[in-house]
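Below is one structure; the comments refer to it alone.
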Amino acid sequence: MTGRRALLLALVLVVGLAGGFATSWVLGENPPGSGAAAPVAAASPSLPVDPVPDVLADPDYPPLEPDVPLVDTVVGEGEDFQMTVPAPEGWRMVPIALNEWQWRPDGQDQSFGYVMRVEQVLSNRRSIDWTLDRRVDELDEDEQGFEVVGQSGDGIHYTYITNNHLRHGYLAWVDLTGSDNAQVEIAVTGRRVDQSGLADLVARVADGVRLG
């Protein structure tokens, strides 16, 4: 097992959800007394708290298991931008942009199953550490209920809630040219039950992706 795969597999943790929402008020006491009147601090409500959304049941797809068969898939155009990605066999690829691709299993007709996304950014001039820190900040700002479950030197495992579904995401950055720059982002997302398969998949794809 490679070092990257071991690190990413170590990120698998069981995450529990706690539902419910409580609003409290801070009440001041002003007991009666004698003597001259004195100023009394006014009671005020606490700051509002966003309610935790109800989490719906996940679709009943078979869990994503570790060691799914991978097949080399060539993406990108031109000698300097062509890249080989080991993608799950039987998953359909959908281009998102000239430098970004997504894979989903055939027959997974509904949302909130599992999905893999690969983005190539060879022009990126930032280190993997810097890029991961910025992605954490972006996810924290953009995603509801975002939580980092675990983090390694080149990847993170996180959870968030979208459309009332709890999602587990695994993300890794890869340097393809020995520059120590983050040049490829590999992201896999799925359900709680898919965690071991997601961690295994992102590690194996990160180990096998290459230029050409």
**OP:** Note down the nm distance, to one decimal, between modelled labels 7 Å out along Cα→Cβ at S111 and at S123.
**Re:** 3.0 nm
**OP:** Starting from the Cα gyration tensor of the stretch 100-143, take the square roots of the eigenvalues, sort them a ≥ b ≥ c, and report rounded, prolate or oblate (rounded when a/c is under 1.5, otherwise prolate if a/b is larger than b/c, else oblate).
**Re:** oblate
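What FRET efficiency comes out for the pair N164/D72, r = Cβ-Cβ distance, R0 = 30 Å, nearest 0.05?
0.20
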**OP:** Quick one: what are the phi-derived ³J(HN,Hα) couplings along the stretch 83-100, Karplus 6.51/-1.76/1.60 with θ = phi - 60°, whole Hz, x for glycine and proline?
**Re:** 9, 9, 10, x, 10, x, 5, x, 7, 8, 9, 10, x, 9, 8, 5, 10, 8
Original post:
Based on the Cα gyration tensor of the stretch 101-212, what are the three equivalent ellipsoid semi-axes, each the root of five times an eigenvalue, rounded to whole Å and given largest first?
Top reply: 23, 17, 12
Original post:
Per residue, how much accessible area does the stretch 157-212 have with a 1.4 Å probe, in Å²?
Top reply: 26 Å²
**OP:** Treat each spin label as a single point 7 Å out from the Cα along the C-beta direction, and report the E141 to R210 distance in nm.
**Re:** 3.7 nm
Original post:
Among 190-202, 92-104, 113-125, 66-78, what's the highest-first ranking by average C-beta atoms within 10 angstrom per residue?
Top reply: 190-202, 113-125, 92-104, 66-78
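The values are calculated or read from the model by the stated rules, or taken from the named source; none is laboratory data. On a predicted model such as this, the values are computed, not experimentally measured, just so you know. Cβ: placed from backbone, ideal geometry, glycine included. Neighbour counts: every protein chain shown. What goes into the accessible areas is simple: the full protein's heavy atoms, side chains included, and nothing from ligands, DNA or RNA. Shrake-Rupley method; radii C 1.70, N 1.55, O 1.52, S 1.80 Å.
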